[in-house]
1. Using DSSP loop states and a limit of at most 14 other Cβ atoms within 10 Å to flag GluC sites (Glu not before Pro), what is the longest stretch of the chain containing no flagged site?
2. Can you tell me how much longer the chain between Glu124 and Asn85 gets when fully stretched, taken as 0.36 nm per residue apart minus their C-alpha distance, in nm with one decimal?
3. Taking the Cα-to-Cβ direction at Thr96 and at Lys236 and moving 7 Å from each Cα, how far apart do the two end points lie in nm?
4. Loop-only check: which chymotrypsin sites (Phe, Trp or Tyr not before Pro) in the range 237-278 are DSSP coil with at most 16 other Cβ within 10 angstrom?
5. Place a point 7 Å from Cα of Ser35 in the direction of its Cβ. Which residues in the range 51-94 have their backbone N less than 19 Å from it?
6. In 10 Å bins starting at zero, report the fraction of Cα pairs in the chain per bin as a rounded %.
7. Size of the dipole of the chain about the Cα centre, Lys and Arg at +1 and Asp and Glu at -1 on the beta carbon, nothing else charged, in debye to 20?
8. Can you put Lys213, Lys75 in order of Cβ neighbours within 10 angstrom, beginning with the fewest?
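Each value in this text was obtained by applying a stated rule to the coordinates, not by laboratory testing. None of these values were measured; they are calculated from a predicted model. Neighbour counts are summed over all protein chains in view; Cβ atoms, including those assigned to glycine, are modelled from backbone coordinates with ideal geometry.
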Amino acid sequence: MKRFFVFLLLTFIALPTLEAQRYKDARTYYREFQSQSRRLNIKNMRYLEAVAKGSDERMVAKFREMVLEQLKETKRDLGRVGAYNEDDVLWKEYMTAIDMYIEAYSTDFGKAQELSADKYTSYEKLKAYYEASSVAEVKLLDANFKIEKAEDFFAKTYKVDLRRDTAAINKAVRLDDITMYTRDLALIYYRVDAHLLAIFKAVDENRTDTLSKVITDLRKDIRIAQAEIEEVGDYKGDEDLVDFILGFIEEIDGSIDEELRPAAEILEARYQDQENLADAKDAMADYKAWHDDMALDFFAVREEMILAELEVEY
């Protein structure tokens with residue numbers, strides 16, 4: 001019985017070597033990696049596109065699980081392949097890269113998913129969500145770079161034509177570019193927006209004694225935001241999103257002395273004519289309704305811009 005278990009153990013250890021030996025040449029050996037990589041990239045792209053478009057949270061979570069399932073399957077299948085003629089560079093680098101992918105999707109994108117539901121409720125929460133996403137995205141880039149270098153080495157050593165999917169690579173680059181661009185603008189938008197949310201919350205909770213300070217801080221952040229937006233500029237000639245945010249900020253800036261501050265002064269006063277107080281609250285309610293409409297427009301303009309970029313063919 002003991003010999004039987006020893007035989008099973010030796011067979012299990014030898015599986016990668018036996019699996020690698022079934023490939024007739026370097027081309028068929030590499031094709032297994034290429035096939036696994038293609039399946040993974042399709043699911044990975046679905047997830048990243050869904051995140052960039054701001055798709056439904058349940059759909060984003062579903063795509064993340066699909067990627068994780070594919071990663072586990074890929075790790076299992078490639079784990080059986082082993083080295084090619086005792087050359088394990090391609091195999092080991094792929095296996096390491098897959099582990100980096102798994103960590104990114106299970107840990108970092110997992111953290112981002114936990115933060116996602118409330119990300120637009122405050123500037124701090126949005127920033128934390130983006131930071132978690134960025135950690136994961138850097139790991140994916142590092143993993144892809146590791147795979148690319150290992151493939152280049154294998155192709156050069158064994159004269160294998162890699163036949164990389166340039167269309168998919170270009171789309172991934174465009175997705176990364178538009179994601180970073182819209183993310184930068186979203187942070188600018190929501191840093192200014194955070195002051196309005198603070199004003200609305202203070203009014204709702206009848207804590208209006210610091211409204212003047214919030215409005216002063218709002219004006220300071222508007223000036224900073226205007227300079228930042230000028231530095232960011234358009235996206236390959238597309239000015240729709242940057243123009244929208246500039247318009248949003250300029251509208252707020254113009255309303256501070258005419259609407260926000262007069263209403264705030266009334267609401268801050270301890271003893272106030274009830275009619276004036278009611279008018280000030282109505283003015284704030286109207287301002288909040290405008291703010292909510294602008295938030296919906298922001299999402300629409302951003303989504304249209306992302307979709308247009310992803311549909312471009314080079």
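1. Working: sites that count: Glu86, Glu205, Glu239, Glu311, Glu313.
Counting only loop sites that pass the neighbour cut-off, the longest clear stretch is 87-204.
2. The span from Glu124 to Asn85 would gain 8.8 nm if fully extended.
3. Result for the modelled spin labels: 3.3 nm.
4. Here the chymotrypsin sites (Phe, Trp or Tyr not before Pro) that fit, given the DSSP loop and packing criteria, are Tyr271.
5. Residues 70-85, 90-92, 94 fall inside that zone.
6. 5, 21, 23, 18, 13, 9, 6, 3, 1, 0
7. Dipole size: approximately 3040 debye.
8. Values: Lys213 11, Lys75 16.
Exposure proxy ranking, most exposed first: Lys213, Lys75.
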